[in-house]
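Student: Could you have a look at this structure, given as structure tokens, before my questions?
The values are calculated or read from the model by the stated rules, or taken from the named source; none is laboratory data. Computed from a predicted structure; not experimentally measured. No Cβ is skipped: glycine too gets one built from the backbone with ideal geometry, and neighbour counts run over all protein chains shown. Keep in mind that these areas ignore ligands, DNA and RNA; they rest on the heavy atoms of the full protein, side chains included. Shrake-Rupley method; radii C 1.70, N 1.55, O 1.52, S 1.80 Å.
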Amino acid sequence: MFGTPVSMSLDAYSRGTGGALVRNDPLVMVTEIKRQLVTAIGAIISDRGLTQGRAAALMGVSQPRISDAVRGKVEKFTIDALVEMLARAGCRTGVLVSREDMAG
């Protein structure tokens, strides 16, 4: 089992019109979440000393899918698929949502 919890947080920014930083761009946030999930998958593989083939069997995907994850090709995955891979590896994932009220 992957016993050590991994804490990840997200504060996404992207460049808007004129190069100004725009906070909480949805596309940037989704990409960052995927990046963090594939990082966790890579850590599991490394920590457990798994080959990509064994990791694929464990996570219920093909070896090329594991290769894509290890190489950080987040555009090839949905968040759902990554969470399912982690669940099959015995990991629990969670979501923390924070809100900034605009009224002040």
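Student: Test each condition in (1) modelled with pLDDT under 90; (2) open to solvent by 60 Å² or more (accessible area, probe 1.4 Å); (3) within 18 Å of the chain's Cα centre (by Cα); (4) not aromatic (Phe, Trp, Tyr) for ALA12 and report the one that comes out false.
Tutor: Unmet condition: (2).
Student: Inside the range 77-86, can you point out the residues that are surrounded by 14 or more Cβ atoms within 10 Å (Cβ to Cβ) and more than 14 Å from THR39 (Cβ to Cβ)?
Tutor: Answer for the range 77-86, where residues must be surrounded by 14 or more Cβ atoms within 10 Å (Cβ to Cβ) and more than 14 Å from THR39 (Cβ to Cβ): ALA81, GLU84.
Student: Restricting to the range 32-76, what's the tally of residues that are open to solvent by 70 Å² or more (accessible area, probe 1.4 Å) and of a type outside the set (D, E, K, R)?
Tutor: 7
Student: Something else now. Considering only residues that are part of a helix (DSSP H, G or I) and of a type in the set (S, T, N, Q), which ones fall in the range 53-104?
Tutor: Passing the criteria: GLN63, SER67.
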